[in-house]
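Shown next, in structure tokens, is the structure this report addresses.
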Amino acid sequence: MIGPSSSHTAGALRIAQLARGMLPGPILRADFTLYGSFARTYRGHGTDRALIAGVLGFGAEDSRIRDSFRWAKEMGLEYSFTLDTQSRDCHPNTAELRLENAAGERALVTGISVAGGAAVIRRINGVEIDLTGEYHTLLVRHRDTPGVVAAITRALAENHINIAFMRLYRESRGQMAYSIIEADETISPEAAAQIQAHPPVQSALLIPRIS
């Protein structure tokens, strides 16, 4: 890894990598809110550089992390940082990311760094989830209607994808929901496209496993 801290550098980068995968295409705007320990030590431990690098798609061993501010300018990424050292009801290594892509689509993602360079995404657009990036992942955003889960699993079976874990999270009954499918093998773009073609599905995004 590049950087002085597995929690504050590598873990922060992993949060941003996972968040980046929740919108299609390049990210043009990223607004970060840092809490607790992240907010207090973010400059000294390179948390700010790591978060930007993750949004740009750099890996934990990429030497460009050190110059991620410059790379952000060159790649057209606008960003800001807000610090919150007062909140006491969150994990000490918490980052909230407001992301916007070229199409104007937005995502609000909250993640925590849990030591050793690992991270967990806890919330997307106000919905509580649990995503680690340890598996090849498909994130499906859809309306909470009968038959959607069956359509997802049928498409994966037809494309010979073995599901390791599948979890459904929803805002409330009949509203928007997220299905997270984790698999041991790569999930093909064809499988994602087949799922996205189902009318209640708004998006089916592939999030590669982060080693």
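The values are calculated or read from the model by the stated rules, or taken from the named source; none is laboratory data. Since the model is a prediction, treat every value here as computed from it, not as a measurement. Cβ coordinates were reconstructed from backbone atoms using ideal geometry, including for glycine residues, and neighbour counts include every protein chain displayed.
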Are there any helices (runs of 4 or more DSSP H) wholly within the stretch 1-112 with 3 or more residues that are of a type in the set (A, V, I, L, M, F, W, C), within 19 Å of LEU206 (Cβ to Cβ) and in contact with a strand residue (DSSP E or B) (Cβ under 9 Å, 6 or more places away or on another chain), and if so which? 11-20
Extreme residue, modelled with the highest pLDDT, among residues of the stretch 53-63 that are over 11 Å from ARG14 (Cα atoms) and of a type outside the set (Gly, Ala, Ser): LEU56
Which one of the conditions (1) within 29 Å of ARG141 (Cβ to Cβ); (2) over 19 Å from the mean Cα position of the chain (by Cα); (3) buried (at least 19 other Cβ atoms within 10 Å of the Cβ); (4) of a type in the set (A, V, I, L, M, F, W, C) does VAL55 fail to meet, given that it meets all the rest? (2)
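The rows are residues; the columns are (1) out of contact with any His (no Cβ under 7 Å at 6 or more places or on another chain); (2) modelled with pLDDT of 95 or more.
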site	(1), (2)
ALA151	no, yes
MET166	yes, yes
ARG173	yes, no
ILE180	yes, yes
ALA193	yes, yes
ALA197	yes, yes
PRO208	no, no
SER211	yes, no
In a loop (DSSP other than H, G, I, E, B) and not basic (Lys, Arg): does that describe ILE181? no
